Structures are given as C-alpha cells and as structure tokens.
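The values are calculated or read from the model by the stated rules, or taken from the named source; none is laboratory data. Just so we're clear, the structure is a prediction, and the values are computed from it rather than from any experiment. For neighbour counting, all protein chains shown are included, and Cβ atoms are generated from backbone atoms with ideal geometry for every residue, glycine included. To get the accessible areas, we keep the full protein, side chains included, count just its heavy atoms, and leave off ligands, DNA and RNA. Shrake-Rupley method; radii C 1.70, N 1.55, O 1.52, S 1.80 Å.
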Amino acid sequence: MSETVLAIAAGHEITSGEVDAFIQRLPQQQQAYASNPQFRAQALQQLIDMYLFEQKAIDEKLEETEAFQQLLASVKADLLSRMAMTNVIQSVTIHDDEVRAFYEANKTQFMQAASVSAKHILTDTEEACQQAAKEIETGEKTFEEAAKAYSTCPSNARGGDLGEFGRGQMVKEFEDAAFDGALHTVLGPVKTQFGYHLIYVYDKKEEKTKTYEEVADQVHTMALQHKQQSVFHDVASSLAEKYGVEKK
C-alpha cells in the first residue's frame with residue numbers, strides 16, 4: 001500500500017510514513033500528540049525545513065569541511081557503539097532458578113513494612129473529644145457518625161478514615177497510639193500538636209518479607225537487569241583487554 005506524499009522539499013518526497021517515523025523518534029511525552037493534526041503539521045514543517053537546509057548545506061559544500069567530517073565520525077561512533085551495546089544487553093537471558101536465587105540473596109529488598117489502617121476524630125478541645133468518645137461508647141453514635149459530627153479533619157467526610165499508613169507518616173504521639181493500641185478499640189483522647197484525637201484501628205499488618213510468588217514479576221525484572229549489567233561490564237572488560245585502553 002503506497003503512502004501519501006504530504007510535501008516535496010528540495011526534490012524530496014515527504015510521506016505520511018516518514019512523519020510517523022519522525023514522531024516516533026521524539027520524546028515519549030510528545031509522542032502522545034501523534035494523532036493531533038496541528039502537531040503533525042508542525043512535524044511535517046520540521047521535516048521540510050530539514051531537507052531545505054540540507055540542500056543549502058550541500059550547495060555550500062559543508063560536507064567537505066573538517067567540522068562536518070569530525071561531527072560525522074563522532075555520530076557514527078556513537079550510533080555503532082549504541083547498537084553493539086544493545087546487542088549485548090538483548091542477548092542476555094535468565095532462567096527461573098537464577099531469578100529465585102536472586103530473590104533468596106536479596107530478600108531485604110522485598111520487605112513489606114508494618115502498617116495500620118485507622119480512622120480518627122480530631123477536636124480542638126479535650127472536652128469535645130471526650131464527649132465524642134462517650135457518645136460512641138453508649139451507642140448514641142457510631143465512630144463514623146461521631147467523626148462527621150465532631151472532627152475538624154477533612155477526613156470527617158469519610159467517617160474519619162485515614163486509610164493505611166506506615167511508620168513515619170504521622171506525628172509520633174498519633175503513630176505510637178495507633179501501632180501500639182489494640183484493634184477494634186477506641187483509643188484516646190491522644191494529644192498532638194493538632195489537637196485531641198480518638199483513634200480506631202481496624203487493621204494491622206506486621207512487617208514481613210513478601211513471598212517469591214507475590215513479587216515474582218518484580219524479581220524477574222530486577223534479576224535480569226542485574227545480570228545484564230554484569231554481562232555488560234564483563235564484555236567491556238574483555239574489549240579493553242582485546243583493543244587496549246590507555247588513560248592519561
């Protein structure tokens with residue numbers, strides 16, 4: 001199937017396929033606009049300018065200058081080395097036993113930190129906090145209803161729910177009460193710099209090492225990258241011995 005010719009610049013036919021290829025070489029965030037007509041028009045104009053200025057350079061015999069030859073040699077060396085490096089990296093494969101061995105040797109990288117899931121009620125005064133606690137205790141209000149009635153925290157719209165959090169994410173007094181307190185119990189009042197809190201912890205997760213099955217995909221990617229780096233350095237060292245390297 002023939003491609004549509006969009007323009008002719010200095011005798012060169014610029015096709016829709018060439019515009020597509022040009023866009024594919026752009027940074028990833030710009031490629032998102034590939035279907036935008038205005039963006040494609042800009043890409044086409046850049047190609048037009050490129051061929052026009054290329055012809056100008058040919059007319060001025062810039063190819064014969066030392067500056068061009070030096071630049072050409074540098075670009076050639078860069079492209080060839082990148083292709084060779086890519087071939088080395090893409091040739092690396094990894095077996096399941098290697099992936100599992102990597103996991104066993106690096107288990108500390110797959111730790112799941114301790115966390116709690118909690119709701120809270122924040123008030124400006126201890127009296128208001130105690131009143132909320134009393135209404136929850138007597139059954140007059142659920143914790144969620146009391147949060148909506150008394151809490152000054154924006155989480156009041158969610159019944160005080162803060163979701164899951166780990167250590168270091170809350171102020172110390174709040175964190176200590178949440179992590180050390182019992183599950184499914186109203187804790188507090190707990191005083192912090194923000195006021196007085198009632199805390200209800202509805203879930204706790206202890207620190208643990210994630211199982212191999214839980215992180216198999218992640219481990220495979222990390223193990224492959226590790227092996228690729230190792231192979232790359234080995235090849236680079238062998239090339240240094242073969243071709244010679246002298247630093248001055």
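Just a few scattered comments:
- With 0.36 nm allotted per residue and the present C-alpha distance subtracted, the Lys248-Gln193 stretch has 13.8 nm of extension available.
- Cross-link pairs exceeding 20 Å between alpha carbons, from the set Lys119/Lys205; Lys134/Lys204; Lys107/Lys210; Lys172/Lys210; Lys141/Lys172: Lys134/Lys204; Lys172/Lys210; Lys141/Lys172.
- Value of relative contact order over the stretch 103-218, rounded to a whole percent, pairs C-alpha under 8 Å and six or more apart: 39
- Within the stretch 36-73, trypsin sites (Lys or Arg not before Pro) in DSSP loop having at most 11 other beta-carbon neighbours inside 10 Å: Lys61
- Exposed-loop-free span, longest in the chain, where GluC sites (Glu not before Pro) count as exposed if DSSP calls them loop and at most 14 other C-beta atoms lie within 10 Å: 61-139
- Taken as Cα centroids, the stretch 205-228 and the stretch 148-169 sit 32 Å apart, rounded to the nearest whole angstrom.
- Ranking Phe22, Phe110 from most to least accessible surface, computed with a 1.4 Å probe over the protein chains only, gives Phe22, Phe110.
- Probe 1.4 Å, all protein chains present, accessible-area order of Met83, Met111, Met222, largest first: Met83, Met111, Met222
- The heavy atoms of Val215 present about 10 square angstrom of accessible area, all protein chains included, probe 1.4 Å.
- Span-rule helices in the chain, defined as complete DSSP H runs reaching 15 Å or more along the axis (Cα) with Kyte mean at least -1.0: 37-59, 66-90, 216-243
- The chain - mean residue ellipticity at 222 nm from DSSP helices (-39,500 (n - 2.57) per run, n ≥ 4, rounded to 500): -16500 deg cm²/dmol
- Neighbours of Lys141, meaning other residues whose beta-carbon lies under 15 angstrom from its beta-carbon, give a summed charge of -2 when Lys and Arg score +1 and Asp and Glu score -1.
- Local electrostatic count, Ala34, Cβ distance below 14 Å [Lys/Arg +1, Asp/Glu -1]: 0
- Positive-end residue of Ala57, Pro27, Ala113, charge dipole of the stretch 8-114 with Cβ unit charges: Ala113
- Neighbourhood charge, 12 Å Cβ-Cβ cut-off, centred on Lys172 and excluding it, Lys, Arg +1 and Asp, Glu -1: -2
- Solvent accessible area, Å² - His184, 1.4 Å probe, full protein context: 110
- Only Lys, Arg, Asp and Glu carry charge here, each on its Cβ (+1 for the first two, -1 for the last two); on that basis the chain has a dipole of about 300 debye about its Cα centre.
- List Tyr103, Tyr212, Tyr243, Tyr202, ordered by accessible area with a 1.4 Å probe, largest first: Tyr243, Tyr202, Tyr212, Tyr103
- Value of relative contact order over the stretch 1-89, rounded to a whole percent, pairs C-alpha under 8 Å and six or more apart: 21
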